[in-house]
Each structure stands twice: as structure tokens, then as C-alpha cells.
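Taking it in order: structure first as C-alpha cells, then the write-up.
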Amino acid sequence: MTDPVLATHNISKQFGALKASDDISLTLRPGEIHAIIGPNGAGKSTLIAQICGTLAPDSGRVELMGRDVTALTTRARAQAGLGRTFQISALAMEDTVLQNALLGALGARGGAFAMFRRALSDTNLRDVAMMALERVGLADEASMRTSDLSHGQRRQLEVAIALTLNPKAFVMDEPMAGMGAEGSAKMTGLLDELRKEAPILLVEHDMDAVFALADRLSVLVYGRIIATGSVSEIRANKDVQQAYLGEDA
Amino acid sequence: MKRETLINAALLLGLLLVPLWAYVTDEPFTITLATKVAILALAGVGLNIALGLGGLVSLGHAAFFGIGGYAMGILASHAQSYTPLMESPFLIEGTKSMPVIWVTAILASALAALVIGTLSLRTSGVYFIMITLAFGQMLFFFAISWPAYGGEDGLSIYVRNGFPGMNTLDPIQFFALCFALLLAALWFSHRLANAPFGLALNAARQSPARVETVGLSPFHLRLIAFIISGAITGLAGALFADLNRFVSPNMLSWQTSGEIMIFIILGGVGRLCGPVAGAALFIALEHFLGGLSEFWHIWLGLLLLLVVLFARGGLIGVLAGRQVAHD
Ligand SMILES: Nc1ncnc2c1ncn2[C@@H]1O[C@H](COP(=O)(O)OP(=O)(O)OP(=O)(O)O)[C@@H](O)[C@H]1O
Ligand SMILES: [Mg+2]
């Protein structure tokens, strides 16, 4: 089997008495969408924070392209190829949509220390940013103030910024949260295309989207992965039905 | 953007025309007032890069203002007493040359900002405010207890320093120098705000997590901004000391830090010409109200309160409306 792009090995994290991550090992293979589902508070965002370096695990390792990145900062992991989107949009709200996308393009370029050139006149940067906005369907909103975007559009912008980074792996925390049906469907289409560029570790509550997209699914409950498998395997899994899917399986 | 540009132009034109008019009507004191506005505005332009663009609430910018002032005072006092600053390991002599003094002031305050910034930018919020304040106070007390350069009494120089090809003793010519430096700093800060650096710094203020996630370092961005900011305020300090032909620990006091911040708040935080509007308003109030009553600060306080409560964009905000994201 091909080597995974991203892997966690026995990650554990404790908040006081709460085991937020309990010996989590998972892999993300080239070309796949690996979805992580689980009830609220299961520890999905905590896992992502450890993968992306905003939270240090108590034990365990994170590997990106076969390289141990556990000791690296968020910034170094981004440079190494992690493209993250946040569950709660983290955007420069006073800036325009284009400026937010430009920021990603700047990061991808590896520095922002140019002090005299106008960022907006840099055609390379601008092209990268506009292309990403076009792909998520925000090209017409490029000059809007980000705070004037709808909730769903902000989620799209999150994805656009990750796109500008041209990452080796996407790590997305509920990119469809709070989106309408139409928005979700569009995002589903986009993610389906994106997996050809880089595999996606996808945390998502929207089951229609998950079942439509995921090559593999892991179910996280109380910080533990209780099952990993294909959509049909997970649907058939008794533990999962009991613990989580219960009513709608 | 259009409207704010127009207001900025009008403001700067006003700052140019007032002393020119005073020159024609032979009122040197008014020229001095305008010079003071230009210099204090320059100090504000410096702080505005840290505060407005970077969101760094520094209550220690008097440190840089004072370092610039003492750079002038120390160099000029050695020059006027014909004693070198030091003889070994190599000879450093004093100077009365403004360009040399300016460069020294910029370098010294940039170095101080590097040290203060490296230590204080690890923190944020109230801690950052307190640490920058503490550094400022340290320098203040150091200056007081340093008898070689006047201690509490400060340092006077007999004649204003010189600039090649100009007569700096002529108030209008000294004003021209200060005004030119102000324009240069404004131009620089405008370029900076619209450059990739400004974009990233501005984003780091609003969402540091985002900036890290694209692989940039908020700490490095802020540190560089803090150094640039300190250097510009330091240059203003050198000019201010030259204007008064006097430097004292007062320039390093926390009240000075507060006043520089007041210019920005009055004029508009993060607005290009906010410090110009703020400094002009401040000096006008000091001049007119100060003439009526010793307690003019009460009125300043009231005005500040009104601005903070009802006009967060300051004077520029009231005139030009909500800030348009840089283009
Ligand atoms: N920094 C923290 N300190 C203490 N407890 C935390 C911290 N971060 C998260 N938790 C707790 O850890 C648990 C897992 O939280 P997490 O945000 O990872 O859940 P989640 O699966 O992402 O939930 P949701 O679906 O609501 O986003 C929760 O009980 C949460 O309260
Ligand atoms: Mg979550």
C-alpha cells in the first residue's frame, strides 16, 4: 500500500479528568477523503489542533509525508504542507475577501517582508488568490469586506485560503457547518475535486456530505476511534450504530 | 478611500500654509507651533504603525522619543564642549550635524525597540501594555540618575544643530525640514500598509491563528513593525529636542507616551493622517485653552472621552467615514 501523506500514531491528550484524545492512530492516504465523525465534544477539533500544531499531544506522534512533525510549530507545519480550515472562521474580518486570500498566497511564497511593493499589484500573488476564490465561487465577492460575507461564504473563504497554500494535505474542521443545502452541495462538489490535488482529512457533521465523499470513515467517541472503514462498513458496524449513528442508521 | 485622501491632503496643506502665512506676517511663534505639530505628528506616525496596523498598544513609546532626544542632546553637547564621547577603543566625537544626529537617533531607538520588542511581544493585552510601560519608566529613572548628561535637569544646547545648505535657526527653514520628514514618514507608512508586510501585519492583529496557519509568524511581523515604529518615533524625538534646544527626562516619562497615544486616538487609530489631525488638535487645544486656564487637560479629557465613546475613528473617522480596507 502507498505511504500515507499524514498519520497520527497513538496520540493522547488529557484535559484534567477528560481524555480528549485517547490513543488515536489514523492515516490519510494519497487521493482519499478520510472523514472523521463523532458526537459534539468527542474530541474532533482537539485532534485537528494536535495535527496542526496548535495543541501539543501528551504522547504520540504526528507524521507528514513520513517526517515526524510533532515538535514543529503550526507555522512550520503549514510550510511543510498542511492546509487547515477552522471550525470557527479565523479570518481578517476588516480586510477584503481578496486580501484574505492574498495572505495565503503570501504564506505559500514563504514570507511577507516586502515593504514597498503594493500587495495588490503583485500579479503572481493576485493570480494565486483570485484562482482560489474562483474555485470556491467567491470571485465576485473579492472586493467585499470579509465581515459582510454570509456565514457560508466565510466557510468558502476558509477553504480558498487553504487552497492558495497548495498543500500536501487538507485538514478541514466542519467546512459545511451552518451552510444551507445549496451551499453544502456546492462545497461537496468542490471537495470531491480537491481530493485529486491533495487528500482531505475531513471533520464533518453533515452526514449526506460525508457519505457522498468519504473513501474512509473514522468514528470518534469520547476521544477514542471506535471504528474505521468504508462507508458501508461503518454503516454496518454495530458499535457505531449503538454509539453514534443510532437513530438514522 | 477617495474622500479620506482629500481630507489628508487638506490637512497637510493646512499644516503647510499656516506657518507660511505666519512667515509672511512675521509671527515666528506660530511657525514654532506648526513645527511642534509636525514633529509630534511624526512621533504619532511612528506609534501608529505599531498601534494602528499592528494592534500593539505600547505605552512605552516615550522611551524611543526620549532616546532620540538624548541622541541629539549627547552628540550636540559633546560637540559644543569639544570633548569626545569616548576615546577608546576608538574615538567618537560629538556632532552638530542634523543628518548624523538623525541617523544616530533612528539606529539607537531601533536597537532599543529590538530589545524591548523581543521581550515584550511574547505577551499580549494588558501584560504588553505594562511591560512597555515598565521599560519606559526604567529609561526615565535611568536618565534622572545619570548626572553626566544633566540628570533631572536635562541637557541644553546653545544653538540649534545644522543641516547642510540650510539655516536651521530660521524657524521657517527648520519647519520645512520637519515637514519634509513628516511627509516622508507618511509616504513610507502608506506604502508599508499596502505592501505584503502591512497586509500580513494587519491580519496578525485581527487573527493571529490565521496568519500562523498560512505559515507566517505573527511575532516576527510584530517585532519588525515595533522596530520601525520605534525608529520613527525616535527620529521625532531628536527633532523635538532640537526644536527646544533642550532634552530632559520628561521626554521619557509615561505622560509623553500617553500624549503620543492621545494624538492617535484623537485623530483616528490606524488612519494614515490620524496622528497629524490629532497632534494639530492637541497643540491647538493646548495653545488656546491653555491660554484660558491652567486646567485645560480637563477639556482634553472630556474630548477624549467623547471620541472614544462616539467617534472611534477619531477626527479622520468623523470626516471620512468608516475605514475602507486598504483599497
Ligand atoms: N483547551 C481545553 N481545555 C479543556 N477542555 C477542552 C479544551 N479544548 C477542548 N476541551 C474539551 O474537550 C472535549 C472535546 O472538544 P472538541 O472541541 O475537540 O470536540 P469536537 O468533537 O470538536 O466537538 P464539536 O462537534 O462540538 O466541534 C470537549 O469536552 C471540550 O470541552
Ligand atoms: Mg469541533
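Stretch residue B:88-residue B:322 to full length: gain in nm at 0.36 nm per residue minus the Cα-Cα span? Walk me through the numbers on the way to the answer.
Values: separation 234, 0.36 × 234 = 84.24 nm, distance 5.68 nm.
The residue B:88-residue B:322 span can extend by a further 78.6 nm.
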#### Entry: Rounded to whole Hz, the Karplus (6.51, -1.76, 1.60) HN-Hα couplings of the range A:75-92, x for glycine and proline
4, 5, 5, 4, 5, 7, x, 9, x, 9, 10, 9, 5, 9, 3, 10, 10, 7
### Summary
Computed over chain B, protein heavy atoms only, probe 1.4 angstrom, the accessible area per residue in square angstrom equals 43 Å²
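Please give the charge dipole size of the protein assembly as shown, origin at the Cα centre, charges +1 on K and R Cβ atoms and -1 on D and E Cβ atoms. Round to the nearest 20 debye.
On the way: 39 positive and 44 negative charges, 83 e Å.
For the protein assembly as shown, the charge dipole is close to 400 debye.
Roughly how many percent of the accessible protein surface of the protein assembly as shown is carbon and sulfur, given a 1.4 Å probe and a whole-percent answer? Could you put the intermediate results ahead of the total?
Working: 15110 of 24690 Å².
Carbon plus sulfur share of accessible area: 61 percent.
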### Summary
Averaged over residues of A:93-105, the number of beta carbons from other chains lying within 10 Å of each residue's Cβ is 5
### Task
Report, largest value first, the span of the C-alpha coordinates of the range B:202-295 along each principal axis, in whole Å.
55, 25, 20
### Task
Would you check the protein assembly as shown for Lys pairs whose C-alpha atoms are within less than 28 Å, ignoring same-chain pairs closer than 8 in sequence, and give me the count?
13
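Say a site is exposed when it is one of the trypsin sites (Lys or Arg not before Pro), sits in a DSSP loop, and has at most 15 other Cβ atoms within 10 Å; what is then the longest site-free stretch of chain B? Present the calculation step by step, with values, prior to reporting the outcome.
Working: sites that count: B:122, B:312, B:322.
Counting at most 15 other Cβ atoms within 10 Å as exposed, the longest clean stretch of chain B is B:123-311.
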### Query
Restricting attention to the range B:141-229, which chymotrypsin sites (Phe, Trp or Tyr not before Pro) occupy a DSSP loop and are surrounded by at most 12 other Cβ atoms within 10 Å?
B:158
#### Entry: Accessible area buried, both sides summed, chains B and A with 1.4 Å probe, Å²
3100 Å²
### Query
What's the angle, to the nearest 10 degrees (0 to 90), between helix A:97-109's Cα axis and the longest principal axis of chain A?
80 degrees
### Summary
Simple spin-label estimate for residue B:111/residue B:255, 7 Å along Cα→Cβ, in nm, reads 3.0 nm
### Message
Along the charge dipole of the range B:175-279, pointing to its positive end and built from +1/-1 on Cβ of Lys, Arg, Asp and Glu, which listed residue (B:216, B:278, B:229) has its Cα farthest out?
### Response
B:216
### Task
Would you mind computing the Rg to Rh ratio of chain A from its alpha-carbon coordinates, Kirkwood style for Rh?
0.97
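Send over a whole-number figure in Å² for the accessible area per residue of the range A:91-166, probe 1.4 Å. All intermediate terms of the calculation are to be shown ahead of the outcome.
Details: 2990 Å² over 76 residues.
Result: 39 Å² per residue.
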### Task
Mind listing the long-range amide H neighbours of residue A:25? Cut-off is under 5 Å, sequence gap 5 or more, other chains count too, H placed in the peptide plane at 1.01 Å from N.
A:10, A:11
### Relative counts (whole %) of C-alpha pair distances in the range A:127-212, using bins that are 10 Å wide
17, 55, 26, 2
### Task
Indicate the gyration tensor shape class of the range B:85-132 (rounded, prolate or oblate), computed on the Cα atoms with a ≥ b ≥ c the square roots of the eigenvalues: a/c under 1.5 is rounded; otherwise a/b larger than b/c is prolate and the rest oblate.
prolate
#### Entry: Partner chain coverage, peptide B:186-194 - average Cβ within 10 angstrom
2
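Give me the compactness ratio for the range B:3-320, meaning the Cα radius of gyration over 2.2 N^0.38 Å.
Values: Rg = 19.2 Å, N = 318, 2.2 N^0.38 = 19.6 Å.
The value comes to 0.98.
Which net charge results when you count Lys and Arg as +1 and Asp and Glu as -1 among the other residues whose beta-carbon is under 15 Å from that of residue B:316? Could you put the intermediate results ahead of the total?
Numbers: positive: B:2, B:3, B:271, B:312, B:322; negative: B:4.
Around residue B:316, the charge tally is +4.
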### Query
Which Rg and Dmax, in Å, describe the Cα atoms of the protein assembly as shown?
28.7, 95
### In sequence order, calculated HN-Hα J values of the range A:30-46 (Karplus, 6.51, -1.76, 1.60; Hz; x Gly/Pro)
x, x, 9, 10, 10, 8, 10, 10, x, x, 4, x, 6, x, 5, 5, 4
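Counting alpha carbon pairs within less than 8 Å and at least 6 residues apart, what relative contact order, in whole percent, applies to the range B:3-320?
On the way: 548 pairs, mean separation 104.2, N = 318.
Worked out over the range B:3-320, it gives 33 percent.
Quick one: plug the Kirkwood hydrodynamic radius of the range A:36-149 (C-alpha pairs) into Stokes-Einstein at 10 °C, 1.306 mPa s, and report D in µm²/s. Display every interim value, and only then the final one.
Values: Rh = 16.2 Å.
Translational D for this selection: 98 µm²/s.
The values are calculated or read from the model by the stated rules, or taken from the named source; none is laboratory data. Just so you know, these numbers come straight off a predicted model, no measurement behind them. Reconstructed Cβ throughout: ideal geometry from the backbone, glycine too, with neighbour counts over all protein chains shown. Accessible surface is based on the protein model in full, side chains and every heavy atom, while ligands, DNA and RNA are left aside. Shrake-Rupley method; radii C 1.70, N 1.55, O 1.52, S 1.80 Å.
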